[in-house]
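Visitor: Handing you this structure, nothing more for now.
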Amino acid sequence: MLSRESSATLMSAVTAFIYKEARFQDEHQYEAWEALWTDDGIYWVPANGDDIDPEQQMSIIYDNRSRITLRIKQLLTGKRHTQTPQSRLRRLVSNIELMDQQPGGDISVASNCLVFESSLRDDTVWAARNEYRLRYVDGELRMAYKKVILVNNEKALFTLSFLI
């Protein structure tokens, strides 16, 4: 069990990390966002429910670390026609909670997020619950896992051609 002081310090570091990740996403800083991942990172956006098996059922995104790198390379080409011009994005992150921490191991964190996207198509609000497993690597927090549970993931969705 963490002391109150160390718990507050950890919460402050986790909150700053999640805010930084949101800023990188909103500002299309793809390489900086990619650098936040561990070598074994998993980025998952389930479809049709919260607790599906991504190995057995369809997901909107289910990327391992090499697929995250490929996704970033594709975004950097400038050939994502649904992102010409790039969507303007802003996220509101709230309800950041430390869910669990293993001694010397991963830190489980959850938060809520609203993403406002303004594109040529329309203005869209995306609502989600984000679940993270964070890990200290060389003294810096990194994402080992991120699951984005869109509130409306059981419906047909517009193209998600930005980092959710």
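The values are calculated or read from the model by the stated rules, or taken from the named source; none is laboratory data. What you see is a predicted model, and the numbers here were worked out from it, not measured in a lab. Using ideal geometry, Cβ is built from the backbone for each residue, glycine included, and neighbour counts are taken over all protein chains shown. For accessibility, only protein heavy atoms count, side chains too; no ligands or nucleic acids. Shrake-Rupley method; radii C 1.70, N 1.55, O 1.52, S 1.80 Å.
Visitor: At pLDDT 95 or above and in contact with a strand residue (DSSP E or B) (Cβ under 8 Å, 6 or more places away or on another chain): does that describe LEU141?
Guide: Numbers: at pLDDT 95 or above: yes; in contact with a strand residue (DSSP E or B) (Cβ under 8 Å, 6 or more places away or on another chain): yes.
Here the answer is yes, as LEU141 does meet what is asked.
Visitor: Criterion first (under 19 Å from LYS147 (Cα atoms) and loosely packed, with under 11 Cβ neighbours inside 10 Å) does SER59 satisfy it?
Guide: Values: under 19 Å from LYS147 (Cα atoms): yes; loosely packed, with under 11 Cβ neighbours inside 10 Å: no.
Judged against the criteria, SER59 is not a match.
Visitor: GLU131 passes all but one of (1) modelled with pLDDT of 95 or more; (2) farther than 27 Å from THR77 by Cβ; (3) of a type in the set (D, E, K, R); (4) in contact with an Asp or Glu (Cβ under 9 Å, 6 or more places away or on another chain); which number fails?
Guide: Unmet for GLU131, out of (1) modelled with pLDDT of 95 or more; (2) farther than 27 Å from THR77 by Cβ; (3) of a type in the set (D, E, K, R); (4) in contact with an Asp or Glu (Cβ under 9 Å, 6 or more places away or on another chain): (4).
Visitor: Which of the residues belonging to the stretch 62-92 are of a type in the set (A, V, I, L, M) and more than 19 Å from ALA144 (Cβ to Cβ)? It would help to see each step written out before you state the result.
Guide: Of the residues in the stretch 62-92, the ones of a type in the set (A, V, I, L, M) are 68, 70, 72, 75-76, 89, 92.
LEU75, LEU76, LEU89, LEU92, listed by residue number.
Visitor: Looking for whichever is of a type in the set (D, E, K, R) and in contact with a Leu (Cβ under 7 Å, 6 or more places away or on another chain) here; the options are GLU117, GLU97, GLU154, GLU131. Which one fits? Steps first, please.
Guide: On the way: GLU97 fails: in contact with a Leu (Cβ under 7 Å, 6 or more places away or on another chain); GLU154 fails: in contact with a Leu (Cβ under 7 Å, 6 or more places away or on another chain); GLU131 fails: in contact with a Leu (Cβ under 7 Å, 6 or more places away or on another chain).
Just one listed residue meets the conditions, GLU117.
Visitor: Within the stretch 82-90, identify whether any single residue is at pLDDT 95 or above, out of contact with any Lys or Arg (no Cβ under 7 Å at 6 or more places or on another chain), open to solvent by 40 Å² or more (accessible area, probe 1.4 Å) and on the phi > 0 side of the Ramachandran plot, and answer yes or no.
Guide: Just the residues of the stretch 82-90 that are at pLDDT 95 or above, to begin with: 90.
From the residues that got through so far, the ones that are out of contact with any Lys or Arg (no Cβ under 7 Å at 6 or more places or on another chain) too are 90.
Among the residues that remain, those that are also open to solvent by 40 Å² or more (accessible area, probe 1.4 Å) are: 90.
Those still in the list that are on the phi > 0 side of the Ramachandran plot too: none.
The answer is no, given that none of the residues of the stretch 82-90 is at pLDDT 95 or above, out of contact with any Lys or Arg (no Cβ under 7 Å at 6 or more places or on another chain), open to solvent by 40 Å² or more (accessible area, probe 1.4 Å) and on the phi > 0 side of the Ramachandran plot.
Visitor: Those residues that are of a type in the set (S, T, N, Q) and surrounded by 12 or more Cβ atoms within 10 Å (Cβ to Cβ), I need them from the stretch 92-140; list them, please. Quick ask: steps written out before the conclusion?
Guide: Taking the stretch 92-140 as the starting set, the residues that turn out to be of a type in the set (S, T, N, Q) are 94-95, 101-102, 108, 111-112, 118-119, 124, 130.
Across the stretch 92-140, the qualifying residues are GLN101, SER108, SER111, ASN112, SER118, SER119, THR124, ASN130.
Visitor: Any chance the stretch 5-20 includes a residue that's surrounded by fewer than 15 Cβ atoms within 10 Å (Cβ to Cβ), of a type in the set (Lys, Arg) and closer than 19 Å to VAL148 by Cα?
Guide: No: zero hits.
Visitor: Before we move on, is SER7 within 16 Å of GLU97 (Cα to Cα), touching a residue at least 40 places away in the same chain (Cβ under 8 Å), small (Gly, Ala, Ser) and outside any strand (DSSP E or B)? Quick ask: steps written out before the conclusion?
Guide: Numbers: within 16 Å of GLU97 (Cα to Cα): yes; touching a residue at least 40 places away in the same chain (Cβ under 8 Å): yes; small (Gly, Ala, Ser): yes; outside any strand (DSSP E or B): yes.
When the stated conditions are applied, SER7 passes them.
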